[in-house]
1. Go through (1) exposed (fewer than 10 other Cβ atoms within 10 Å of the Cβ); (2) at pLDDT below 90; (3) basic (Lys, Arg) for residue 222 and report which single condition fails.
2. Within the range 133-188, how many residues are at pLDDT 80 or above and not in a helix (DSSP H, G or I)?
Amino acid sequence: MSSSMKAYLAEKYMSGAKADAILAKVGPKKKKRKATVAAPNALVVDVDGGWGDAPQEDMEDVEEAVVATDRSFKKRKLTPNDEGSGWATIQPGIKEETPPPADEQPQVVETTVLGGLVTAQQLKKALPQSNVDTTVTAEEMALAQETIYRDSSGKKINTKAARAEAARLKREREEKEAQKMEWGKGLVQRDEAEKRKQELEAQRGKKFARHADDADLNEELKAKELWNDPAAQFLTKKRAKGPRKPEYTGPPPPPNRFGIKPGYRWDGVDRGNGFEKKWFQSINQRKRKGLESYQWSAEDM
């Protein structure tokens, strides 16, 4: 690059110590601008000026200009240990490492490593022996193998108590189901089951053989109805045949003109429009007037 080009670029596009050095060396003699001296510790030097790597001769000019402007800056001589770097060793590092305490030193355990399939005796001989008793009883082994159940909060669940509670709930549920089945039966079936139970209890104390003088047997045979029995009319007891219709057994209902009884499910509430009551009132009033007229006509006799 020619000197005129350097001067033009320094004048138009560069500033600072580098531009002053180039203009002082190449350009025409002009009044130099007073360079601002910064603190030694806060000096910022634009090496390339935004134009990439600067030539070596430019770097030398910059160094001379910086040294000329800042008298407090002293160029340090590089030592062989620096290897061309611009950093100075203030305090050398500690090369000797302090040994760790006795309780923190690593322990080396010498073990014989066996390869392939080994038996329990060989493994026991190879592993380091300890004074800890490793014998485990069957109860401890079963306790260790037992599964531990926990709820959502992490609390341990006692499986035995849970099983007992489940068995108790199951028994209560079965009893309730049996009661429902018992309540679902009719009165006739319940009476028949009770009679069979009483008969079995009565037959328990009797003899196995039954003779002609057995009163219970005779009564049972008389109660049977046979279609071809000639003595059925005067020996058997008369009883109503077929199912009986249930009747109302509550408080006496209000009378009606047809004499119809209420149903056996009636709750005792009269839900009529009052016509039957007015009917009987009109009949009673007619009878009372007839009686009064008769008594009035026969009063003077």
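1. (1)
2. Within the range 133-188, residues that are at pLDDT 80 or above and not in a helix (DSSP H, G or I) number 13.
The values are calculated or read from the model by the stated rules, or taken from the named source; none is laboratory data. Just so you know, these numbers come straight off a predicted model, no measurement behind them. Because the Cβ atoms are built from the backbone with ideal geometry, glycine has one as well, and the counts that use them run over all protein chains shown.
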